[in-house]
Each structure stands twice: as structure tokens, then as C-alpha cells.
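Chemist: Have a look at this one before I ask anything.
The values are calculated or read from the model by the stated rules, or taken from the named source; none is laboratory data. Values in this document were obtained by computation on a predicted structure and should not be read as measured data. Note that we place each Cβ from the backbone using ideal geometry, even for glycine, and neighbour counts take in every protein chain shown. The protein model used for the area step is the full one, side chains on, heavy atoms only, and it has no ligands, DNA or RNA in it. Shrake-Rupley method; radii C 1.70, N 1.55, O 1.52, S 1.80 Å.
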Amino acid sequence: MADKISLGRGISLYKKNDFNGALAFFLSLPDDSELDTIDLAYYIGLCYAKLQRYDDALLYLEQVVTSGTDIDRILQCRYILAVIYADSGRKKLAEFELNKLLESGYRPAMVYSSLAYVAWKQDDAERSIEYYKKAIELEPENSTALNGMGYVLASENRDLTKALSFCKRALSKQPDSAACLDSVGWVYLKLGLMDDAFKYLNQAKEKLPQNEEIAEHLRIAQEN
């Protein structure tokens, strides 16, 4: 209980999405305090992950995975590690962590969606589609899986009508998602419906103006 009280201010800042403030608080705690070091590593790792300081996040999240005793936190941190590995190009490490999560039974639809993303980044469209299928079978309304499936099908020029249906279902659940807006625009581009393509791609760009993938989709649209 003392640990929770000592960490309370930082946890409160974290819950308010003040990740810089929370991180500064956690890092300011004295080394000779009686706080549980794994408990502290958990929160510092989460803050670094939210701030996209991934190399720093890895140092702390790995401590939780290897030395922690709270199973829920270990699984959560393992998943965050997998996402970081995938986004930083360390696909084999990402697969390792995700397969460990599957073995544990942790949120399988989310894990299958992540495996699908990793497979797609490895240029394995068939395996990516199979993983997305498994995720959708488990959670038919999982927006990440729906959007991913639609995007991959469109990118492969396969069953574009179904691809549009998947992406629109995802967008209906996350209407403010730049990723979902981009995917719908991408499918419309593949269908040759350029007015609709520009409508959604421009909306996606407004939400994420620096995103390279959205910019590339717009460039391709402008060339058609």
C-alpha cells in the first residue's frame, strides 16, 4: 500500500495523459526509497512507450517481463514489447513475444491482428490474411482486424468490394481514426472512384499531416 501511495501522483498524471509529467515524477524518486523497483519500472516503461521513446521503454518493460510477478502486467508489457519490436523492424522478436502471448491465451484477437501486421511487413500477404481471418473469427467487430484485413486485400487487389466492406465497418467504429480513413480512401483508389478516394485520404491527412503512408497514397491518387 505504501508503494501505491508513493507512486500515486505519478499514476494520476499518467491517467491524465501527462506522460512527460508522470515520467519526470517517477524518475525523480530517490534510489534509496522502499519502492518496489519492478512496480516503478512498469510505470516508467509505460511512460516511455507513450512518448515513443522506444529504446528507453524496452529497458524497463523487459524488467517487468523477466522479473515481475504480476501476470496481467507481464502480459501487457509483453504485448507492448511486441508492438515496439514490430514498429522498429525487429520482426522476429515481435513474433516471439506475440507467440508467447498466444500460448498464454492473452487477448488472442489483438495478438492475431499484430501477427498479421508483422507478416504484412515481411511481405507475406497470405499469412497476414490468415491471421486477420483468425482475429475476425474471434472478434467479428474488432476494428483493428477489420481495417487491417481490408487494407491488405486492397493492397493485393483482391476482392475489393469485400475490402471496402471491412474498412467501412472499421471506420464506423472509429470515425476519427486516420488509419481507418486512409484505408477507406485506399480501397476507393483501387476501385477507381477517385472523388471518394480524395475525400477520405484528405481527411486522413488532416488528422495526421506528417504520416508518410497517407502522403504516399495521396501522391498515387494524384497520379491517377
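Chemist: Only helical DSSP H runs with n ≥ 4 go in: add -39500 (n - 2.57) per run for the chain, normalise by residue count and round the 222 nm mean residue ellipticity to 500 deg cm²/dmol.
Modeler: -25500 deg cm²/dmol
Chemist: What is the local net charge at LYS173, summed over the other residues whose Cβ is closer than 15 Å to its Cβ (Lys, Arg +1; Asp, Glu -1)?
Modeler: -1
Chemist: What number comes out for accessible area per residue over the chain if the probe is 1.4 Å? Units Å², please.
Modeler: Averaged over the residues of the chain, the accessible area is 53 Å².
Chemist: Something else now. May I ask for the longest run of the chain untouched by GluC sites (Glu not before Pro) that are loop-located per DSSP and have at most 12 neighbouring C-beta atoms (other than their own) within 10 Å?
Modeler: 35-140
Chemist: A further question follows. Considering only the other residues whose Cβ falls under 10 Å of the Cβ of ALA22, what net charge follows from Lys and Arg at +1 and Asp and Glu at -1?
Modeler: That sum, taken over residues with Cβ under 10 Å, equals +3.
Chemist: Please give every one of the aspartates and glutamates within straight-line cross-link reach of LYS168, meaning a C-alpha to C-alpha distance under 13 Å, and leave out same-chain neighbours fewer than 8 residues apart.
Modeler: GLU141, ASP176, ASP182, ASP196
Chemist: Which entry is the computed Rg and Dmax of the Cα atoms in Å for this structure: (i) 19.9, 64; (ii) 16.7, 50; (iii) 16.2, 47?
Modeler: Here the calculated entry is (i).
Chemist: What is the Cα centroid distance between segment 126-161 and segment 62-100, reported in whole angstrom?
Modeler: 23
Chemist: Count the lysine pairs in segment 1-136 whose Cα atoms lie under 25 Å apart, taking only pairs 8 or more positions apart in sequence or on different chains.
Modeler: Lysine pair count for segment 1-136: 22.
Chemist: While we're looking at this one, here's another question. Can you sort LYS190, LYS173 by solvent-accessible area, 1.4 Å probe, largest first?
Modeler: Greatest to least solvent exposure: LYS173, LYS190.
Chemist: Also, I was wondering about something else. For segment 52-170, just say rounded, prolate or oblate: build the C-alpha gyration tensor, square-root its eigenvalues into a ≥ b ≥ c, call rounded for a/c under 1.5, and beyond that prolate if a/b exceeds b/c, oblate if not.
Modeler: It comes out prolate by the Cα gyration axes.
Chemist: Just to confirm a number: summing +1 for Lys and Arg and -1 for Asp and Glu over residues other than LYS207 whose beta-carbon lies under 15 angstrom from that of LYS207, what do you get?
Modeler: Every neighbour counted, the sum reads -3.
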